[in-house]
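Below you'll find the structure, written out as structure tokens, and then a few comments.
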Amino acid sequence: MKVPLQLFIEEGKPVLNKQNIHISRINGPAMAEAYLAQFQQDFRRFVECRADETVANGTMVLEIRGKSTPNALDEPFPILVLAEAIAQLVSQGTVERGKAESFNIPFYFPAKEEVEAILQEEGSFSIEHTKIVVSDTV
């Protein structure tokens, strides 16, 4: 996955995510919508490529780290730790604010419904079984 192009203007400067390195409640729904649109594009392409590689009546098993609901904007703990470390480097003057503001982590953690919608729309695979495993580890 890549960082959504909607985050940037012509000069390559961030417009939506200046104070964060990932999706955040602070930036509101526009940020989440940009990352979702990029995930949908990238995951659809991934599924299309796997369909080309899979034998007839073959099976694909996916394990995807996701979020509990489509509306959840909670960041995974490791990203929060990294964001705090970068903020500290900026406050110490070790990293320029502009460089930190242009840094974005290209991860989107989809909800089960978002993955299922792409698989159904793309149509190469049928969903036999889904299971959500809750983990306390990071």
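Here Arg65 sits with roughly 120 square angstrom of accessible surface, probe radius 1.4 Å. Computed from backbone phi with θ = phi - 60° and the Karplus coefficients 6.51, -1.76 and 1.60, the 3J(HN,Hα) list for the range 86-101 is 5, 4, 5, 5, 5, 5, 7, x, 6, 10, 5, 4, x, 5, 5, 5 Hz; x is used for glycine and proline. Peptides 104-114, 83-93, 41-51, 121-131 ranked from most to least packed by the mean count of surrounding Cβ atoms within 10 Å: 104-114, 41-51, 83-93, 121-131. Summarising the label geometry, the points placed 7 Å from Cα in the beta-carbon direction at Leu62 and Val133 lie 1.7 nm from one another. Close amide H pairs (under 5 Å, H built 1.01 Å from N) link Lys67 with Ala111, Lys112, residues at least 5 positions away or on another chain.
The values are calculated or read from the model by the stated rules, or taken from the named source; none is laboratory data. The shown structure was predicted, so the numbers you read here are calculated from the model rather than taken from an experiment. Using ideal geometry, Cβ is built from the backbone for each residue, glycine included, and neighbour counts are taken over all protein chains shown. Accessible surface areas use protein heavy atoms only, side chains included; no ligands, DNA or RNA. Shrake-Rupley method; radii C 1.70, N 1.55, O 1.52, S 1.80 Å.
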